[in-house]
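One structure is given here, and the rest of the page talks about it.
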Amino acid sequence: MQTYSFTTQEILDTLSEGGVKPSAQRIAILRYLMENRIHPTVDEIFKALQPTNPTLSRTTVYNTLRLLAAACIIRCIETGGGDGARWDYSQHDHAHFLCASCGKVTDIDYNDASPSFVIPPKGYIVHSTDVIFKGLCPLCSEAV
Ligand SMILES: [Zn+2]
Ligand SMILES: [Zn+2]
């Protein structure tokens, strides 16, 4: 998997572009999402950050994610799965594939997925498109 690393200044710039006031916990949460492109749940983010941020609470993680999503810095992916929404830092529009077996969420480029097969009627203005494919990933479909 591709690895990412960002300086604190880059994370501060990203927050300020979205008009979000920085705090140590916001920086830690955004850094985690920018560097770990695994579409984590609130719980996964909390468990990863809690050891180095002992004062961090699940509620703070959740509220920060909502704030970052409202600022269009990250996206919330409602998978409808039992483990709740996934969170994604991404600078480009893309679709997702949710594997029903391993639960992994994979990025799919629109070029390959062509979501343009659904076009809203005249008069509707599209701000964003969320496409989630559900099924089996290549690894899991081989195991069947
Ligand atoms: Zn799978
Ligand atoms: Zn994604």
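See the values below:
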item	result
Cα-based radius of gyration of the chain once divided by 2.2 N^0.38 Å, which approximates compact folds	1.13
Difference of contour (0.36 nm per residue) and Cα-Cα distance, A71 to N111	11.8 nm
Expected 222 nm ellipticity per residue - DSSP helices of 4 or more, -39500 (n - 2.57), all of the chain, to 500	-10500 deg cm²/dmol
Sparse-neighbourhood loop sites, trypsin sites (Lys or Arg not before Pro) in the stretch 27-96 - DSSP loop, at most 16 other Cβ within 10 angstrom	R37
About the Cα centre, charge dipole magnitude for the chain (Lys/Arg +1, Asp/Glu -1 at Cβ), debye	440 debye
The stretch 1-85, accessible area per residue, ligands and nucleic acids excluded (1.4 Å, Å²)	56 Å²
Nonlocal Lys pairs with alpha-carbon distance under 27 Å, the chain (8 or more apart, or different chains)	4
DSSP beta bridge pairing in the chain, given as percent antiparallel to the nearest 5	65 percent
Residue among T55, A71, Q2 farthest towards the positive dipole end of the chain, charges placed on Cβ	T55
1.4 Å probe accessible area per residue over the stretch 92-143, in Å²	76 Å²
Length-normalised contact order for the stretch 23-129 - Cα pairs under 8 Å, 6+ apart - percent	21 percent
Radius of gyration and maximum dimension Dmax of the stretch 92-143, Cα, Å	13.4, 46
Chymotrypsin sites (Phe, Trp or Tyr not before Pro) lying in DSSP loop within the stretch 1-66, provided at most 12 other Cβ fall within 10 Å	Y4
Accessible surface of the chain [probe 1.4 Å, protein heavy atoms]: carbon and sulfur percent	54 percent
Separation of the A143 and Y124 label points, Cα + 7 Å toward Cβ, nm	3.7 nm
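The values are calculated or read from the model by the stated rules, or taken from the named source; none is laboratory data. The shown structure was predicted, so the numbers you read here are calculated from the model rather than taken from an experiment. Cβ atoms come from the backbone with ideal geometry, glycine included; neighbour counts cover every protein chain shown. Surface areas here come from the heavy atoms of the whole protein model, side chains and all, with no ligands, DNA or RNA. Shrake-Rupley method; radii C 1.70, N 1.55, O 1.52, S 1.80 Å.
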